[in-house]
Amino acid sequence: MAASTAAGSVPYKMLKKTLLLYPNASFTVRRLNIGSSRYDGQLQNRTKSVPMQLEGVVGLEIHAQIQSHTKMFSGSAVNFLSPPNSLVSFFDASLPGTLPVLNKRCVEAAVMTGLALDCRINRKSLFDRKHYFYADLPAGYQITQQRRPVAVDGVLTYSLLGGKKKNRMVRKNVRVKQIQLEQDSGKSLRDDARERTLVDLNRAGVGLMELVMEPDMTCGEEAAAAVRELQLIMQALGTCQGNMSEGQLRVDANVSVHRPGEPLGVRTEVKNINSVRYLAKAIDYEIRRQTDVLRRGGRVHNETRSYDSKSGTTVPMRDKEGLQDYRFMPEPNLPPLMVYEDPASVPAGADARRTVVLQTLRAELPELPAVRRDRLVETYDILPEHSFTLLNEEGLVEYFECVLKATSREPRKVIGWVTNELLALLKQQDLNVSQSRVSPSSVAQLLELLEAGSISSTVAKQVFQEMWKQSGAKTAAEIVGEQDLSLVSDVEQLRAVCAKVVDSHPQEVRAFQAGNQNVLNKLMGSVRKETKGRADPIAVRKILLDKISETD
C-alpha cells in the first residue's frame with residue numbers, strides 16, 4: 001500500500017490508525033507540516049526501515065585530448081605550459097572570414113582508437129555546430145559530430161579484482177556507443193582578488209575525441225578500471241597522453257539507481273572528474289546518496305553535480321530538468337569526412353594529405369595492453385595481477401625485462417622486487433620509473449648475490465634501501481663487503497646463537513613441544529635479530545629443531 005500526503009490533508013489520528021492496520025506499508029511524504037515532532041520522527045524511522053534493493057548504473061562520457069602538434073582546425077601549436085593566449089590563431093579567436101581546415105592527424109587518432117575498441121568506422125561522417133554562449137567559446141558554437149560520428153558500436157574490455165575474496169581477476173565489457181570528433185573550448189580563469197574572470201584561448205580548438213559509453217557499469221571501481229584501461233590503450237596507440245591532471249582526459253559520469261529488472265532511474269551527471277581515484281569515489285558517493293534519497297521517500301532530480309574532493313561529496317551545479325536546446329545545425333564550412341578501406345578505393349585526384357585509409361591504420365596498430373598482459377603472464381609465468389601492475393606504470397615492463405636479462409633468478413622471484421620494493425620507493429618520492437635511483441643492472445647484481453646464497457633476503461632488502469639512498473653510487477657487493485652483511489656460514493657460530501635463543505625462550509619451546517608449530521617462526525626471528533639478518537634461514541631452522549629436541 002502506498003499513501004501520499006499533502007500538508008495538513010490527513011489528521012494525525014487517521015494516519016496513526018492506518019500505520020497500525022498496515023505495518024508493512026510504504027509511504028511517500030512530499031510535504032508534512034503537522035506540527036508534531038514526535039510523529040515526524042516515527043514516520044522517518046518507519047520510512048527508513050522499508051527494504052529497497054537498489055543497484056547503481058553508471059555510464060561515462062570521456063573527452064580525450066588528441067595527441068597532435070597542432071589544433072583540429074587551425075595551425076596553432078598545442079602546448080600545455082605555454083603562456084596564456086600565446087597559441088591562438090585568427091580562427092581560434094573566431095575573427096570574421098576565417099575558415100576551418102581539418103587536421104588529418106586528429107582524424108587518424110579517432111579512427112585508430114575506434115579500431116582498437118572494435119568499433120564500426122563510418123566511411124562517411126558529418127560535422128555539426130553545437131550552439132551555446134560562454135566566454136571561453138568566442139564563436140558561440142562548437143564544431144562537433146552530432147548526426148553521424150566517426151566511429152560507433154564498439155566495446156572496451158577491462159579487468160579488475162573480483163570474487164568473494166577479491167583475489168582473482170575478472171574481465172568485464174562496457175559498450176562504446178560512439179566516438180566523435182570535436183574542438184575543445186578555451187579555459188576560464190577566476191581572478192578572485194579583482195573579482196573578474198579571465199579567458200585563456202590556448203586550449204580553444206584543440207582536437208578532442210568524445211567517447212560515449214553505455215550504462216553497463218554498476219560502481220565506481222568498475223568505472224575507474226574501465227577508464228584506466230582506456231588510458232593505457234590510448235597511450236599505447238599514441239592518440240592521447242591521458243594525463244588527467246593536465247586536462248588531457250576529462251570524465252563525466254552519468255549515475256542512477258534502480259531495482260534490478262526495472263527501468264533505469266533518473267540520472268545525475270557528475271562533471272569534470274580529474275583523476276581515476278576521484279572518479280571511483282564520486283560515483284560510489286552518488287550511488288549512496290541517491291539510494292538514501294529513494295529510501296527516505298524522496299525523488300532524485302535530473303541535475304548536474306560536481307565532486308568536492310575535500311569533503312568527498314557531490315554538490316549541485318545546475319538543474320537539467322528542462323531540455324537544453326543547442327540548436328544543432330550542419331557545419332557549412334566542412335565537407336563530409338570520408339574514410340576509405342584501402343588505397344584502391346581512394347578516388348583519383350584525392351589529396352593524399354587529407355586522405356585516411358583504414359588498411360594503413362590497421363597495419364600501424366601496436367600491441368594493445370590486454371594482449372601484452374596475456375603475453376607477460378604466458379612468457380614469464382607471473383600472476384595476472386602482477387601483469388596489471390607492470391602495465392599500469394609507464395616503463396615498468398621494460399625495467400622488469402632488463403632485470404631478467406641480467407640475472408639467472410626466476411621471473412616469479414624477480415617480480416616482487418620490481419612491483420613491491422622498487423615501486424614502493426618510487427611512489428613514496430613521487431617519481432616515475434625513468435627517475436629510479438637504482439638501475440635494472442644494479443638490481444640484477446643484488447639478486448645474483450641472493451641467488452648464490454651470499455646474503456639473506458632480509459639483508460638483500462637492506463642493501464637495496466642503501467643502494468637507493470646512494471643513488472647507485474656503490475654496487476650491492478661493495479655495500480655487503482663494507483657493512484659485513486654476508487651470510488653467516490660458520491655452523492658453530494649458528495649453533496651458539498640458536499642455543500642462546502632456545503635457552504632464553506623456555507615458554508615458547510614448551511609451546512612448540514605441545515604442538516604449536518607457529519612458535520618456531522618467533523624463535524627464528526630472534527636468531528635473525530641476533531645475527532642482524534645474516535643467518536641462513538634453512539640452516540637456522542634445522543639447528544633450532546635439533547636444539548628443541550634435545551630439551552625433551
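Things to note:
- Among residues of region 440-469 that are on the phi > 0 side of the Ramachandran plot, those with a beta-carbon under 8 Å from a residue that is buried (at least 16 other Cβ atoms within 10 Å of the Cβ) at least six positions away or on a different chain give the pairs G453/L487; G453/D536.
- Answer residue from region 316-335, given it is of a type in the set (A, V, I, L, M, F, W, C) and in a loop (DSSP other than H, G, I, E, B) and is surrounded by the most Cβ atoms within 10 Å (Cβ to Cβ) among those: L334
- Counted residues, region 438-474 - those being in a loop (DSSP other than H, G, I, E, B), surrounded by fewer than 20 Cβ atoms within 10 Å (Cβ to Cβ) and of a type outside the set (A, V, I, L, M): 7
- From the options Q483, Q435, residue that is surrounded by fewer than 16 Cβ atoms within 10 Å (Cβ to Cβ), among the polar types (S, T, N, Q) and modelled with pLDDT under 90: Q483
- Those helices (runs of 4 or more DSSP H) lying entirely in region 355-400 with at least 1 residues modelled with pLDDT of 95 or more, outside the structural domain of L232 (by TED's automatic domain parsing) and under 18 Å from L237 (Cα atoms): 358-364
- Any pair with Cβ under 7 angstrom, 6 or more apart, that starts in region 92-107 at a residue that is at negative phi and ends at one that is assigned to a loop (DSSP other than H, G, I, E, B) and surrounded by fewer than 16 Cβ atoms within 10 Å (Cβ to Cβ): T98/F90; L99/N333; P100/N333
- Selection count, region 291-315, where residues are in contact (Cβ under 8 Å) with a residue 40 or more places away in the chain and either more than 20 Å from the chain's Cα centre (by Cα) or assigned to a loop (DSSP other than H, G, I, E, B) (or both): 6
- Test result for A535, small (G, A, S) and outside the structural domain of R437 (by TED's automatic domain parsing): yes
- Test for K172: is it surrounded by 15 or more Cβ atoms within 10 Å (Cβ to Cβ), among the charged types (D, E, K, R) and closer than 24 Å to R105 by Cβ: no
- Those residues of region 256-287 which are in a helix (DSSP H, G or I) and either among the polar types (S, T, N, Q) or under 13 Å from T218 (Cβ atoms) (or both), in sequence order: A280, I283, D284, E286, I287
- S74 vs. criteria hydroxyl-bearing (S, T, Y), buried (at least 17 other Cβ atoms within 10 Å of the Cβ), in a loop (DSSP other than H, G, I, E, B) and in contact with a Gly (Cβ under 9 Å, 6 or more places away or on another chain): yes
- Listed by position, the helices (runs of 4 or more DSSP H) contained in region 475-552 that have at least 1 residues being under 44 Å from the mean Cα position of the chain (by Cα) are 476-482, 519-530, 537-550.
- Checking each residue in region 507-523 for being of a type in the set (A, V, I, L, M, F, W, C) and touching a residue at least 12 places away in the same chain (Cβ under 8 Å) picks out V509, F512, L520, L523.
- R288 fulfils the conditions (1) surrounded by 15 or more Cβ atoms within 10 Å (Cβ to Cβ); (2) free of Cβ contacts under 8 Å to residues at least 12 places away in the same chain; (3) not acidic (D, E) except for a single criterion, (1).
- Region 89-167 holds strands (runs of 3 or more DSSP E) entirely within its bounds, and those carrying 3 or more residues that are in the same structural domain as H69 (by TED's automatic domain parsing) and over 20 Å from Q65 (Cα atoms) map to 151-162.
- The single condition from (1) touching a Phe, Trp or Tyr at 6+ places or on another chain (Cβ under 8 Å); (2) modelled with pLDDT under 90; (3) not assigned by TED's automatic domain parsing to the domain that holds Q145 that Y326 fails is (3).
- Restricting region 527-547 to residues that are of a type in the set (D, E, K, R) and out of contact with any strand residue (DSSP E or B) (no Cβ under 8 Å at 6 or more places or on another chain), the residue that is modelled with the lowest pLDDT: K532
The values are calculated or read from the model by the stated rules, or taken from the named source; none is laboratory data. For clarity, every value in this text was computed on a predicted model and none was experimentally measured. Using ideal geometry, Cβ is built from the backbone for each residue, glycine included, and neighbour counts are taken over all protein chains shown.
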